[in-house]
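Values quoted throughout were computed directly from the atomic coordinates according to the rules given, and no laboratory measurement underlies them. None of these values were measured; they are calculated from a predicted model. We place every Cβ from the backbone using ideal geometry, glycine too, and count neighbours over all the protein chains shown.
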Amino acid sequence: MEDRFYEEEELSLSQLFEVLKRRKNLIIYFFIFTVVIITGLSFLKTPIYEAKATILIDREGANVLIFRDLFTVQGGNWDQKFNSQVRMIKSHTLAKKVIKKLNLEGELSAGLRVQNPNIRLSMLVKRFLSHLKVQPIPKTRLVEVKYRDTDPKRAAQIVNTLVDEFIKFTIELKGESARRASEYLTEQIEKLRRNLAEKEKELQKYSQRKDLYYLTDKQNTIIQKFAQLNNAYTKAQINRVNQESFYRELLSKKYEEYPNVVNNPLIQSLKAEYSKLEAEYRQKAAIFKPDYPEMKSLRSRMQALKERIAKETRNLGEEALRAARARYLSALKAEQSLKQLLDEQKKQMSAANTSSIYYNSLKIEVKNMRNLLEHLTKKQKESLLSANLEGMRTSNIKIVDRAEVPLIPVSPDKKLNFLLAVLLGLSGGIFLAFVVDALDNSIKSPEEVEKLFRLPVLGVTPNLNGAASDAYGRYYGKKKRKGGGNTSPELIVIKDPESQFAELIKTITTSILLSKPKSPPKVLTITSSMPKEGKTTIATNLALSLATLQKKVLLVDGDLRRPMVHKVFNISNKTGLSTLMSGRSTLSESVKVYKGNENIFLLPAGPIPPNPVELLNSSTMEKFMDYAREKFDHVIMDAPPLVGISDPMVLAKMSDGVIVVIWAGKTTRKRLEDSISLLRKYDISPLGIIVNRIGYRGSYYYYDYYGYYYYGEGSAQSHSSET
């Protein structure tokens with residue numbers, strides 16, 4: 001892991017407040033944007049109305065004969081079927097009936113471009129059901145049926161039509177089993193009648209041909225045995241018909257319609273739990289988006305529950321179907337076995353060559369067939385009666401409240417949306433402020449430099465451009481600069497000595513002189529971690545500040561790559577440091593005296609040479625520096641930035657101290673760390689850091705202190721009057 005001069009520290013409570021203050025504009029803008037957008041969308045969004053009807057799913061009345069009653073299948077308790085009927089309201093069959101009856105294809109097909117009619121109808125049903133909500137009222141048998149639509153009248157019409165169709169649908173379902181039983185019994189009766197007619201004809205012809213009148217005891221024994229077998233065979237036939245009918249009924253149904261599935265406590269419990277989750281999902285869908293973590297979790301739980309219901313239903317259905325098939329096959333096998341015994345008994349009768357025995361066997365067979373026909377006919381009549389009664393009976397579902405046309409939309413909830421917008425805007429703005437601040441690794445305050453890099457901060461200077469400096473100037477009653485405020489910031493100490501900036505430069509000057517009390521540094525190299533951080537402004541004003549203390553100061557432009565001193569002081573750059581070091585000019589030709597202050601001597605960079613570092617690292621430069629130390633009280637060298645060139649290192653080695661200028665809010669921690677590492681690599685320890693262009697709001701306490709101290713009563717009065 002890379003070594004660092006500093007360790008990241010956790011934010012304290014005061015630092016958290018400092019972040020909020022520093023990013024308050026971002027928080028305000030985000031808050032206003034969020035509130036305006038959400039509130040605006042709430043007013044622009046098409047209102048949605050919800051119609052509601054309440055129905056009562058009551059217990060069944062007096063039982064009537066239905067298909068399962070014919071075959072000893074026990075029905076379930078109606079209380080256990082409550083959830084099944086609730087789920088039935090949202091069936092696709094009912095949805096299709098309502099869509100077709102009210103001609104809703106046009107309203108529901110908006111945006112659909114599916115040509116296949118089956119797929120299109122399926123998608124219309126899904127859209128219809130997505131607007132429908134069926135919600136049982138806890139601890140009652142009441143159920144609320146709700147539908148949402150942009151048209152309030154249509155919403156009420158849909159709910160009322162759906163409830164009416166649901167009542168019809170349940171009545172139709174109750175008579176369906178009886179009708180299926182009646183159809184099957186009719187088929188069996190017709191078949192039995194044909195067989196009976198043939199047997200009766202055979203009995204009549206045989207009786208006439210043999211002229212039979214009586215039977216012997218032996219014949220009676222054979223006939224009785226035959227009669228017993230024939231009677232058992234008849235019962236086996238009835239049982240087989242019953243079991244086959246029930247098995248066929250199960251084959252025609254879905255697993256979820258099987259009695260053992262409908263009445264199973266586990267299935268009912270799982271469906272009730274699914275209904276609760278579905279109701280919760282629809283409730284929260286009005287607030288949260290589908291990709292919200294809680295919504296994803298609910299969908300996942302609903303899907304898992306749905307899969308388990310399907311699995312349990314399939315297992316129970318398969319088990320019931322296997323059992324019914326086993327009973328049917330067992331009854332069929334018993335019937336076939338008795339048929340075989342009966343056939344053998346017939347052979348014995350035939351072998352005995354007793355015509356009367358055969359006659360009586362035919363008679364008994366005809367009698368049993370008549371009994372079977374009578375039994376099936378009776379059941380058919382009961383089944384038809386059951387089907388008719390089912391069609392005429394009153395439904396157990398009652399309408400408590402029909403849907404009325406809603407007057408107030410349920411969505412959008414403008415008050416709720418506004419409160420959510422305020423909450424989201426505030427919390428989101430604060431979160432965004434901390435995110436932006438965390439991503440912003442720039443240095444923002446002097447304390448940050450001292451805490452992270454263990455280096456002294458020699459002083460701070462304000463940002464002379466932008467709203468921060470304007471606010472700062474108004475706050476402290478700063479005098480306007482001469483010339484209408486067009487004073488160059490590099491000369492502000494001379495041009496506007498009463499300005500706050502000039503006072504801060506003087507404070508920095510004092511800090512430098514006191515940094516080494518016994519021997520104040522004479523030769524200072526001013527550099528920065530990157531270009532345009534204000535090193536030239538600091539260097540020129542620092543030289544001017546020392547000159548106002550009656551110090552003889554030489555300002556050297558050591559930036560032989562992008563020189564600026566000659567532009568600041570508006571002097572010629574034909575001769576300077578580069579020509580002096582190369583021997584193309586003399587000292588008197590290269591050094592100029594500043595007209596604004598006779599204590600300031602200027603050595604511009606001169607023409608840009610092809611080999612700056614060689615000139616700076618020459619013996620001529622060393623001799624010149626020795627000469628400058630003797631002739632001047634202070635030498636200020638404006639060095640290039642520490643951006644991977646060795647020029648500032650060479651100048652720093654010749655000086656008594658190096659000062660690094662950084663741009664508050666712009667210079668990153670990593671950049672300053674690299675700059676300090678570079679200096680220490682050459683065994684150069686920075687004298688200190690100057691934090692330039694610091695915003696008024698970011699470090700207002702510095703300005704409070706300096707403004708009060710340097711301007712005395714007048715400034716304090718101005719300060720108090722404006723605050």
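Worth a mention:
- As a calculated quantity, the FRET efficiency between GLU200 and GLU318 at R0 = 56 Å, using C-beta atoms, amounts to about 0.80.
- Note on LYS339 and THR668: the extension gain reaches 108.3 nm, defined as 0.36 nm multiplied by sequence separation minus the Cα-Cα distance.
- Cβ crowding within 10 Å averaged over residues, with 531-542, 491-502, 129-140, 425-436 ranked highest first: 531-542, 491-502, 425-436, 129-140
- Local electrostatic count at GLY583 - Lys and Arg +1, Asp and Glu -1, tallied over other residues with Cβ under 14 Å: 0
- Put in line by how crowded their Cβ is, counting other Cβ atoms within 10 Å and starting with the fewest, SER675, SER300 read SER300, SER675.
- The range 95-195: C-alpha gyration tensor shape, a/c 1.5 cut-off, then a/b vs b/c: oblate
- For ASN396, no residue has an amide H sitting under 5 Å from its own, ignoring neighbours fewer than 5 places away on the same chain, with H placed 1.01 Å from N.
- Gain upon complete extension [THR150, LYS289; 0.36 nm per residue less C-alpha separation]: 48.0 nm
- Proxy reagent accessibility, fewest Cβ within 10 Å first, across THR93, THR575: THR93, THR575
- For the residue pairs LYS592/LYS670; LYS24/LYS296; LYS518/LYS592; LYS516/LYS574; LYS495/LYS631, the alpha carbons lie more than 29 Å apart in LYS592/LYS670; LYS24/LYS296; LYS518/LYS592; LYS516/LYS574.
- Order of PHE166, PHE128 under a 10 Å beta carbon neighbour criterion, fewest first: PHE128, PHE166
- In terms of distances greater than 19 angstrom between alpha carbons, the cross-link table entries LYS146/LYS284; LYS201/LYS339; LYS225/LYS339; LYS96/LYS271; LYS133/LYS276; LYS552/LYS653 yield LYS201/LYS339; LYS96/LYS271; LYS552/LYS653.
- Inter-part distance where the range 310-352 and the range 87-130 are each reduced to a Cα centre, Å: 46
- Potential lengthening between SER269 and LYS518 on full extension [0.36 nm per residue; Cα-Cα distance subtracted]: 80.6 nm
- Efficiency of FRET from Cβ geometry, ARG59 and GLN15, R₀ 56 Å, rounded to 0.05: 0.25
- Simple label model, 7 Å out from Cα along Cβ direction - SER618 to ARG325, nm: 10.7
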